[in-house]
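J.: Encoded as structure tokens, here's the structure I'll be asking about.
The values are calculated or read from the model by the stated rules, or taken from the named source; none is laboratory data. Worth saying up front: this structure is predicted, and the values here are computed from it rather than measured. Neighbour counts run over all protein chains shown; Cβ positions are idealised from the backbone, glycine included.
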Amino acid sequence: MKAAITGLNNEALAIEVERYAEAQLPLAIGLFNVLVYRSLPDLTEHLVIAKGQLNEGTPPFLRVHSECFTGEVLGSLRCDCKSQLDLALETIMAEERGLVIYLRNHEGRGIGLGNKIRAYQLQDSAGMDTLEANHALGFPDDLRTFSVAVQILKALQISQVRLNTNNPAKVVALESQGIVVTELIPSLSVPNPHNRKYLQTKFSELGHHLEALFEKSRKIPDSPPREGPCR
Ligand SMILES: [Zn+2]
């Protein structure tokens, strides 16, 4: 669990965001609203993919999602990013309410796309896991920060959320900056032969809540569970 919190870079709330664009966005699974927030001063554009009234009534479903080009654009099987994003959007459609905050510049837990590919090469050639490869490249476990997500939530006047994550560091990041997490909703995708070691490392080294995918031996079972709670 120590490693999970190591990645929490507790930057002050110096980051500001401005709403830059908003439109409807029809997806294959249904109609969403998409909002673009620019973080200042670097003008990085982050997305909110949302549905329904979010700042009244019961806390909305929220996923704070990190950009992954290889997974989400190319369909890479080395990680579970795309299936986690798809599951979140499907849940929002089913509930007709909720949001995904899609954070840019979060590739490879913040090390960038090129370094993520370098880490993949080390995993293949030297048998390293995702953390060992990051360390070999001179990076910590996790370089991501979540202050932009907090600022976006505050701009949307959302103070309580039902958080869709397996990552305890995200809960700490949000709650330490004033967002109340009223419920934790795990995101359980079906493992494949290419991402089993990655998921195992997330579970055993980063403290992610992937217990349902693992036996007591903390090994990934050969047969994945038939369904996750988000389906
Ligand atoms: Zn990914």
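J.: Looking at (1) over 23 Å from Val150 (Cβ atoms); (2) assigned to a strand (DSSP E or B); (3) among the hydrophobic types (A, V, I, L, M, F, W, C); (4) within 16 Å of the ligand (Cβ to nearest atom), which is the one condition that is false for Ala23?
T.: That leaves (4) as the condition not met.
J.: Next question. Scan the stretch 187-204 for residues that are surrounded by fewer than 19 Cβ atoms within 10 Å (Cβ to Cβ) and either part of a loop (DSSP other than H, G, I, E, B) or of a type in the set (Gly, Ala, Ser) (or both) and report the count.
T.: Within the stretch 187-204, residues that are surrounded by fewer than 19 Cβ atoms within 10 Å (Cβ to Cβ) and either part of a loop (DSSP other than H, G, I, E, B) or of a type in the set (Gly, Ala, Ser) (or both) number 5.
J.: Quick one: in the stretch 41-54, which of the residues that are surrounded by fewer than 13 Cβ atoms within 10 Å (Cβ to Cβ) and not charged (D, E, K, R) is nearest to the ligand (Cβ to nearest atom)?
T.: Checked the stretch 41-54; the qualifying residue nearest to the ligand (Cβ to nearest atom) is Leu43.
J.: Given the structure, is Ala119 surrounded by fewer than 16 Cβ atoms within 10 Å (Cβ to Cβ) and either among the small types (Gly, Ala, Ser) or within 14 Å of the ligand (Cβ to nearest atom) (or both)?
T.: no
J.: Moving to a separate point now. Give the residues of the stretch 84-111 that are modelled with pLDDT of 95 or more and small (Gly, Ala, Ser), sorted by residue number.
T.: Within the stretch 84-111, Ala88, Ala94, Gly98 meet the criteria.
J.: Provide a single number: the residues in the stretch 69-99 that are within 20 Å of Arg38 (Cα to Cα) and crowded, with 23+ Cβ neighbours inside 10 Å.
T.: So the answer is 1.
J.: Please go through (1) in a loop (DSSP other than H, G, I, E, B); (2) on the phi < 0 side of the Ramachandran plot; (3) touching a Ser or Thr at 6+ places or on another chain (Cβ under 9 Å) for Leu143 and return the number of the only condition it doesn't satisfy.
T.: (3)
J.: For residues in the stretch 55-90 being more than 11 Å from the ligand (Cβ to nearest atom) and in contact with a strand residue (DSSP E or B) (Cβ under 6 Å, 6 or more places away or on another chain), which is nearest to Thr130 (Cα to Cα)? Walk me through it before giving the result.
T.: Of the residues in the stretch 55-90, the ones more than 11 Å from the ligand (Cβ to nearest atom) are 55-64, 86-90.
Next, only the ones that are in contact with a strand residue (DSSP E or B) (Cβ under 6 Å, 6 or more places away or on another chain) stay: 59-64, 88.
Details: Pro59: 34, Pro60: 32, Phe61: 29, Leu62: 26, Arg63: 23, Val64: 21, Ala88: 24 Å.
Once the filter is applied, the top-ranked residue is Val64.
J.: (1) more than 17 Å from the chain's Cα centre (by Cα); (2) over 13 Å from Arg162 (Cα atoms): which one isn't true of Gly57, the others all being true?
T.: Just one mismatch for Gly57, condition (2).
J.: Cβ-Cβ under 8 Å, sequence separation 6+ or interchain: first residue in the stretch 175-204 and at positive phi, partner β-branched (Val, Ile, Thr) and surrounded by 19 or more Cβ atoms within 10 Å (Cβ to Cβ). Which pairs?
T.: As it stands, the answer is Gly178/Val150, since those pairs meet every condition given.
J.: So, in the stretch 98-118, how many residues would count as being outside any helix (DSSP H, G or I) and at positive phi?
T.: At the first step, the residues of the stretch 98-118 found to be outside any helix (DSSP H, G or I) are 98-106, 111-112.
Still in the running and at positive phi: 98, 105, 112.
Count: 3.
J.: Related question: For the stretch 91-114, enumerate the residues that are within 14 Å of the ligand (Cβ to nearest atom) and among the charged types (D, E, K, R).
T.: Arg104, Glu107, Arg109
Yes or no, residue by residue, for (1) under 25 Å from Arg19 (Cα atoms); (2) in contact with a Pro (Cβ under 9 Å, 6 or more places away or on another chain):
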{"residue": "Leu85", "(1), (2)": "yes, no"}
{"residue": "Glu96", "(1), (2)": "yes, no"}
{"residue": "His106", "(1), (2)": "yes, no"}
{"residue": "Asn115", "(1), (2)": "no, no"}
{"residue": "Gln123", "(1), (2)": "no, no"}
{"residue": "Phe139", "(1), (2)": "no, no"}
{"residue": "Thr145", "(1), (2)": "yes, no"}
{"residue": "Ile158", "(1), (2)": "yes, yes"}
{"residue": "Val172", "(1), (2)": "no, no"}
